[in-house]
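Down below is the structure, laid out as structure tokens.
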Amino acid sequence: MIPYGRQSIDEDDIAAVVEVLRGDWLTQGPAVSEFEAAIATRVEARFAVAFANGTAALHGAMAAGGIGTQHRVLTSPLSFVASANSARYVGASVGFVDIDPETWNLDPRQVGPCDALVAVHYAGLPVDLSALAFRPRVVIEDACHALGARTPDGPVGNCAHSDMTVFSFHPVKSITCGEGGVVTTNSAELAAALRTFRNHGMVAKPQYGGWYYEVASLGFNYRLTDLQAALGRSQLEKLSTFVAMRNALADRYRRAFREREAGGLVLAPSPGLGVKHAYHLFPVLVSDRRRVYESLRAQDIGVQVHYVPIYRHPIYADTGVSPLDFPITEHVYSGLLSLPLHPTLARSEQDFVIDAVIEAVHGTNSSSASHDHGNDAAHAA
Ligand SMILES: *Cc1c(COP(=O)(O)O)cnc(C)c1O
């Protein structure tokens, strides 16, 4: 199977983990602090707080931002369910903002009153947070797809237009810890709240004795291990290379599908001027998606759909929204398919995928007229 995404591990990564195994610390220790410092430097944020995974990091961001039962959180429906679940973890209500046909990110011009926004950089293309029609008290970037991406305001993660940015280090993401996540912020208060939250809510009170700590708020054990942090630190050195390889493969897809008659195929939006895409995913729109999916899967090509819109999950039925409220999301979802894209994808494998996709879409009777929502970005590439 050629997977849609996969990790890229070398001997340096293995040596970094083995070195931790020979030392004194296994769980959160000096390697976590070093990894946090390296992430903060890389994304040009003042603070980075590591978590056990990206979902825990999103939960931490909600809690540190003071979001609770009386609050309303908006996010993109075209995302992994954790983007919305994080609001549910703290008891907040959830709403969705339809996506922009030019970016497939939530449309910042349609963001209305809410207490917090979870802005997802879908596929690794940054959402333009300078264009928010409404700026809530807490803005969280779900940048789980976008480590290594840039906007004209600098690297994603510098929180130029947000309070906190969340990254994931799951094996399919830009770099991996096995499992892992981080929140970056420029606020010392938020960083302190995040550290307390990931460690049971414990706060040391040395004035009462070296052993003494107090728990004044509910926290969790969301710590990253030193084993995972050492892997992440070693992987981070290769981030620029990984993102460059993803961009080169994405350009190759665009060129191949443009040069060869790939009728009906709509490509993922490409980045505008001054924007660097992290290309976590290379999604396309096809007609008759189910047949194309089955045909590619039968050839051991691990295409996937990112994502079933979050409001379609039964757990969000109580939001009372209907798919009819999100026409652009529904249109994109109806044809959506992620093609394999990762640094270990060989050119020969990519050529095999390109041939198979072209053959599969040519087997489709319906015309491209069903994809008429003006995705000019795909043609501009
Ligand atoms: C991967 C991902 C997450 C969750 O990250 P985990 O580390 O798997 O918990 C959250 N949001 C988005 C958009 C993701 O892609």
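Every read-out reported here was derived from the displayed coordinates using simple, explicitly stated rules and does not represent laboratory data. What you are looking at is a predicted structure, and each value in this text was computed from that prediction instead of being measured. Cβ atoms come from the backbone with ideal geometry, glycine included; neighbour counts cover every protein chain shown.
Could you list, in sequence order, all residues of region 12-60 that are in a loop (DSSP other than H, G, I, E, B), among the aliphatic types (A, V, I, L, M) and more than 27 Å from residue 141 (Cα to Cα)? The one that is in a loop (DSSP other than H, G, I, E, B), among the aliphatic types (A, V, I, L, M) and more than 27 Å from residue 141 (Cα to Cα): 26. For region 54-73, which residues satisfy the criterion of being of a type outside the set (Gly, Ala, Ser) and either in contact with a helix residue (DSSP H, G or I) (Cβ under 9 Å, 6 or more places away or on another chain) or crowded, with 24+ Cβ neighbours inside 10 Å (or both)? The answer is 55, 58, 59, 62, 67, 71, 72, 73.
Scanning region 39-59 for residues being over 14 Å from the mean Cα position of the chain (by Cα) and either of a type in the set (Lys, Arg) or within 16 Å of the ligand (Cβ to nearest atom) (or both) gives a total of 9. The residues of region 77-110 that are within 12 Å of the ligand (Cβ to nearest atom), in contact with a strand residue (DSSP E or B) (Cβ under 6 Å, 6 or more places away or on another chain) and assigned to a helix (DSSP H, G or I), listed by number, are 83, 84. When residue 242 is tested against the conditions (1) under 22 Å from residue 6 (Cα atoms); (2) assigned to a loop (DSSP other than H, G, I, E, B), the lone failure is (2). Select from region 316-350 the residues that are without any contact (Cβ under 8 Å) to a residue 24 or more places away in the chain and either buried (at least 21 other Cβ atoms within 10 Å of the Cβ) or more than 25 Å from residue 148 (Cα to Cα) (or both) and list them in ascending order. Scanning region 316-350 gives 317, 318, 320, 322, 323, 324, 330, 348.
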